[in-house]
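Written below as structure tokens is the structure these notes are about.
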Amino acid sequence: MLFKLSIKNMKKSFKDYAIYFLTLVLGVAIFYMFNSLDSQQAMLEVSESTRDMIKLMISMLGMVSVFIAIVLGFLIVYANNFLVNRRKREFGIYMTLGMGRRQISKIILIETILVGIISLIVGIFIGVFGSQFMSILVAKLFQADMSEFTFVFSKDACIKTCIYFAVMYLAVMIFNTLTISRYKLINLLTAVRKNEKVKIKNPIISIIVFLISVGLLGYAYYIVTGGIYELNTEEKMLVPILMGIVGTIGVFWSLSGFILRMIQTSKKIYLKGTNMFVLRQLNNKINTTVISMSVICLMLFMTISVLSSSLSIQTTMDSELQEMTPVDVNLYKTANLPQSYEDSYTGQTIYPTQEQIEDSKHSISYTLKTNGYDMNNLKDVVEISVYTIPEWTLQYSLGSYYEQAKAQFSMLMYDLPEEIIKVSDYNKIAELYGQEQYSLSDDEYIVLCDFDNMTELRNEALKQNSTVEIEGKTLHAKYNECKSGFIEMSASYVNTGIILVPDNFELKEEWKEEEFLAANYNAKTDEEKEEIEKTFVEAENNALLSNLDQKGIELEGMTKISLIEASKGLSTIIIFIAIYLGVIFLIASSAILALKQLTESSDNKQRYTILRKIGCDEKMINQALFRQIFIFFMLPLALAIIHSIFGIKFILSMLAALASPSDLLPSVIATAVIIGIIYGLYFLATYMGSKNIIKEED
Amino acid sequence: MSHVLEVKNIEKYYGNKSNLTKAIAGISFNVEEGEFVGIMGASGSGKTTLLNCISTIDRVTAGNIIINHQDITKLKGNKLNKFRREELGFIFQDFNLLDTLTAYENIALALTIQKVNAHEIDKKVKEVAEKLEISNILNKYPYQISGGQKQRVASARAIITNPKMVLADEPTGALDSKSARQLLETFEHLNQNLGATILMVTHDAFTASYADRIIFIKDGKIFNELVKGEDTRKQFFEKIIEVQTLLGGDLNDVI
């Protein structure tokens, strides 16, 4: 009997359940998709070293999943609470008919289980199909072979999803039973809310608060973009964040009053159709939902900036990676080891062995050969030396700009000597790397730098003073700005400065600081390259590495393959976690917004009945409702988008990888599509639900 | 004088073939322009159904209702809504004012949904407020004003569109006697000085005594009709009470 009642109830209130059901299904599907990553086909096809990265990613996603389960848990309890509240009267009637609390709890229990099971099945079904699409994305990111497509179902992920959601449903049941046991019959029967007293804000105060809030936001925007160089401590970071939060709350607190006031001044717009009603509705509603609107706005802001910036980091990283890894391997070691020196980290005095000192006087190819390395593995070998002149420090380069620079970047080590390379040496490297080569006359020098902030700093300095006097010689900067270029490969632009000097500029042997070698692997296929790669990175059965280790010779290096894998792995982990969190935040905020709106609709049912009675037709009423819900959904999104424009700029400049607008475009489009679909679904479900609610007879 | 309202032998049935309820079983009457007509009857007599049919909220099963030469039983959908918006004004027992809007806006809303231009709306609202002596409360919200004032605001909303007929459903039902009297005097003023045609449903004899003519309904049929004529209101009131006693039931009904 109770079972029948439950089923009938669900059928009857299907439209009420729509939001709840949508949230559950999306939650289950997303949860399954991200937890089934490890068993997806693409993961089976990738290389050994990539798989380690994936393992790391899976374990991180596992931890994130716990957090997400908590968020979803709260969301589900909240959504369920809405449903129970809407049915207070129904439960009241059951109680007057003599049904006990326990039986009512049972009805809800059966409903929860039914909805839970159905949503689990539907959600996993969608998740299984969604994960096939995700597989394609994974394959693209990890460059796995996906020529043979097989359909994958992950039992582990399925079981994990079921367990997590079972726990959440259990929480819902306990919550429901508690709620029901607190109900009093009289409150249940008179639960339909009456038109209530409306709190009206003073319009003047609204306008003042609005202007102050906009000012706060504007200033916060300025701090994180224009004034970003001032942001050098964590405490200073808190200021724009707090200003942003206060500003957002302030805007929502005052916005409706402000708009109302503005539109009221134009009687033509205000006294047209249902405009007056819609505006008053919004004004009244936003007054009661300031905090939730602000939270939703900030959540959307996080979603948008996290999604679009993580996706664009990937794009930027990819294109930079191509440019920054022109050869297969770089090797470098310290030249001219002294008898003793102080370790810059530990402060201990270190006495190198005679063997180490001897080796440091020779080139890298000498070290390789003497330690049993087969030089046939390498081709296109270019070797150069990097010098430092004690008196030519960064501070000296900056010259009169030093004081200003120090004020901006107090952390830089200004007394560090600059790296100096002969221009012909650099041209050898540049030729190998396929980069611009330079020529210098006898009294000229060039600064190479591609690290954004450092470039700006050096450019300023070069504009102020471009002449240096070193060892009695005078050199002028050939260009009054930095040129791009680098010798060491890395995953992004990190060259903070190299100075090119003419070949006839006398560089003493004792100034030699570092030996450098760049080369390609003598191999045609990827497999052969992987084999040679092992001669540098794999410790087992490796003559070179064990010999070097024995003698204590430190030979450092960087290979193209390891750089690409590390960078890809990192960016992929960032992307997956960002998408996971972003989508869940999005679902959470849309669901809360939708439920708020539905609650409002059922509370305001009477107002629509009045509209109908004074002669509004259904079309007009639906239009008023649509506008109201549309504005209600759009306001937090619009402010979040404005926040995000500055947020993304800030993130990108923090990462010193300023992507051009064209890099950003695809990820912004992708973000827009994701948000459009999820937010749109909730918007539609809310509109349908509200339409249904205001049609009901009392 | 022309008929504003002609009700021609209307019937209204509820239910299906096996279980038929006749809410209205053949009622005909006319309302002239500028008349103030009351409809009285016990609960369940069909007076609210009658009002719903006239106000186009409900449809008749048979018969015709002609308002201002237009047969509203033939109208459908949007035309019906348009008709309701433009030709009729409503006053309800529980005021039905929007609590989020000021008195001014509540009155103006009736015009804005007819797409009247803004300048004219402003002028009309002020005019009608003047006539109903509510100018001083125009900027107040419903919760800030008394029941009597609320009903006067509702009346202003009902007549501002210049309807052919104002339909009032138990307008004094939620008012204390003093406010009720004031409101009825307002109705009288509307009727006599502004020429509004009013059709009022009530079960209260005192309220009904303000009308020119009263139609009594019982079991879905017209039971009696009283015309005030040259009577004073007191005399008319006594007559109403007499009919009501009759209406209350025959001796045969008492077991």
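Restricting to segment A:500-539, what's the tally of residues that are closer than 29 Å to A:I350 by Cβ and loosely packed, with under 13 Cβ neighbours inside 10 Å?
The initial filter retains those residues of segment A:500-539 that are closer than 29 Å to A:I350 by Cβ, namely A:507-518, A:535-539.
Going one step further and asking which of them are loosely packed, with under 13 Cβ neighbours inside 10 Å, we end up with A:508-510, A:538-539.
Matching residues across segment A:500-539 total 5.
Residues in segment B:72-83: is at least one of a type in the set (G, A, S), closer than 30 Å to B:V125 by Cα and without any contact (Cβ under 8 Å) to a residue 12 or more places away in the chain? Don't jump to the end; show me each part of the working.
The first filter runs over segment B:72-83 and keeps only residues of a type in the set (G, A, S), leaving B:77.
Retained after the next criterion (residues that are closer than 30 Å to B:V125 by Cα): B:77.
Among the residues that remain, those that are also without any contact (Cβ under 8 Å) to a residue 12 or more places away in the chain are: B:77.
Yes, the conditions are met somewhere in segment B:72-83.
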*Of the residues B:A62, B:A42, which is under 30 Å from B:E188 (Cβ atoms) and more than 14 Å from chain A (Cβ to nearest Cβ)?*
B:A42
*asked:* Going by what's in this entry, would A:G62 be described as at pLDDT 75 or above, of a type in the set (G, A, S), closer than 16 Å to A:A578 by Cα and in the same structural domain as A:Y32 (by TED's automatic domain parsing)?
replied: yes
*Look through segment B:85-125, keep the residues that are touching a Pro at 6+ places or on another chain (Cβ under 8 Å) and surrounded by fewer than 19 Cβ atoms within 10 Å (Cβ to Cβ), and return whichever of them is farthest from the other protein chains (Cβ to nearest Cβ).*
B:Q93
*Single unsatisfied condition, A:V214 versus (1) in contact (Cβ under 8 Å) with a residue 60 or more places away in the chain; (2) assigned to a helix (DSSP H, G or I); (3) surrounded by fewer than 21 Cβ atoms within 10 Å (Cβ to Cβ)*: (1)
*In segment B:4-28, what residues are under 30 Å from B:N162 (Cβ atoms) and surrounded by fewer than 16 Cβ atoms within 10 Å (Cβ to Cβ)?*
B:N9, B:S28
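Do we find that B:V128 is more than 30 Å from B:G41 (Cα to Cα), away from every other protein chain (no Cβ under 12 Å) and in contact (Cβ under 8 Å) with a residue 24 or more places away in the chain in this structure? Steps first, please.
Working: more than 30 Å from B:G41 (Cα to Cα): yes; away from every other protein chain (no Cβ under 12 Å): yes; in contact (Cβ under 8 Å) with a residue 24 or more places away in the chain: yes.
Yes, satisfied.
Pick out the one residue from A:N622, A:N542 that is surrounded by fewer than 20 Cβ atoms within 10 Å (Cβ to Cβ), within 14 Å of another protein chain (Cβ to nearest Cβ) and polar (S, T, N, Q).
Step by step, each of A:N622, A:N542 is checked, and only A:N622 is surrounded by fewer than 20 Cβ atoms within 10 Å (Cβ to Cβ), within 14 Å of another protein chain (Cβ to nearest Cβ) and polar (S, T, N, Q).
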*Got a number for residues in segment B:169-205 being modelled with pLDDT of 90 or more and closer than 18 Å to B:A42 by Cα?*
3
*Could you list all residues from segment B:149-182 that are in contact with a Gly (Cβ under 8 Å, 6 or more places away or on another chain), part of a loop (DSSP other than H, G, I, E, B) and under 20 Å from B:I39 (Cα atoms)?*
B:P163, B:A174, B:L175
*May I ask you to list the residues in segment A:380-428 that are among the charged types (D, E, K, R), modelled with pLDDT of 85 or more and touching a strand residue (DSSP E or B) at 6+ places or on another chain (Cβ under 6 Å)?*
A:D380, A:E383, A:E418, A:E419, A:D425, A:K428
*Can you name the number of the only condition in (1) among the β-branched types (V, I, T); (2) surrounded by 19 or more Cβ atoms within 10 Å (Cβ to Cβ); (3) within 9 Å of another protein chain (Cβ to nearest Cβ) that B:I134 fails?*
(3)
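Which of the residues belonging to segment B:134-148 are outside any helix (DSSP H, G or I) and in contact (Cβ under 8 Å) with a residue 40 or more places away in the chain? Give the steps one after another, and end with the answer.
Initial filter on segment B:134-148 (outside any helix (DSSP H, G or I)): B:134, B:138-141, B:145-146.
Answer for segment B:134-148, where residues must be outside any helix (DSSP H, G or I) and in contact (Cβ under 8 Å) with a residue 40 or more places away in the chain: B:Y141, B:I145.
Kindly evaluate A:V447 against the criterion of being in contact (Cβ under 8 Å) with a residue 12 or more places away in the chain, more than 13 Å from A:Y396 (Cα to Cα) and either in contact with a Phe, Trp or Tyr (Cβ under 8 Å, 6 or more places away or on another chain) or not in a helix (DSSP H, G or I) (or both).
Details: in contact (Cβ under 8 Å) with a residue 12 or more places away in the chain: yes; more than 13 Å from A:Y396 (Cα to Cα): yes; either in contact with a Phe, Trp or Tyr (Cβ under 8 Å, 6 or more places away or on another chain) or not in a helix (DSSP H, G or I) (or both): yes.
So A:V447 passes the test.
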*Do the conditions hold for B:V31, that is, is it over 29 Å from B:H189 (Cα atoms), crowded, with 18+ Cβ neighbours inside 10 Å and more than 12 Å from chain A (Cβ to nearest Cβ)?*
no
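Could you check how many residues of segment B:142-159 are within 11 Å of chain A (Cβ to nearest Cβ) and either surrounded by fewer than 20 Cβ atoms within 10 Å (Cβ to Cβ) or under 21 Å from the mean Cα position of the chain (by Cα) (or both)? Reasoning before the result, please.
To start, the set of residues in segment B:142-159 that are within 11 Å of chain A (Cβ to nearest Cβ) comprises B:142-144, B:154, B:157-158.
Retained after the next criterion (residues that are either surrounded by fewer than 20 Cβ atoms within 10 Å (Cβ to Cβ) or under 21 Å from the mean Cα position of the chain (by Cα) (or both)): B:143-144, B:154, B:157-158.
Of the residues in segment B:142-159, 5 are within 11 Å of chain A (Cβ to nearest Cβ) and either surrounded by fewer than 20 Cβ atoms within 10 Å (Cβ to Cβ) or under 21 Å from the mean Cα position of the chain (by Cα) (or both).
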_Can you report the number of residues in segment A:270-279 which are assigned to a helix (DSSP H, G or I) and either surrounded by fewer than 21 Cβ atoms within 10 Å (Cβ to Cβ) or more than 7 Å from every other protein chain (Cβ to nearest Cβ) (or both)?_
4
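Suppose we filter segment A:547-567 for residues that are closer than 20 Å to A:H362 by Cβ and part of a helix (DSSP H, G or I); how many remain?
Going through segment A:547-567 one residue at a time, the tally reaches 5.
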*Which helices (runs of 4 or more DSSP H) sit wholly inside segment A:312-418 and have at least 1 residues that are over 30 Å from A:N480 (Cβ atoms)?*
A:354-359, A:364-370
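The values are calculated or read from the model by the stated rules, or taken from the named source; none is laboratory data. Fair warning: this is a prediction, and the values are worked out from it, not measured in the lab. Cβ: placed from backbone, ideal geometry, glycine included. Neighbour counts: every protein chain shown.
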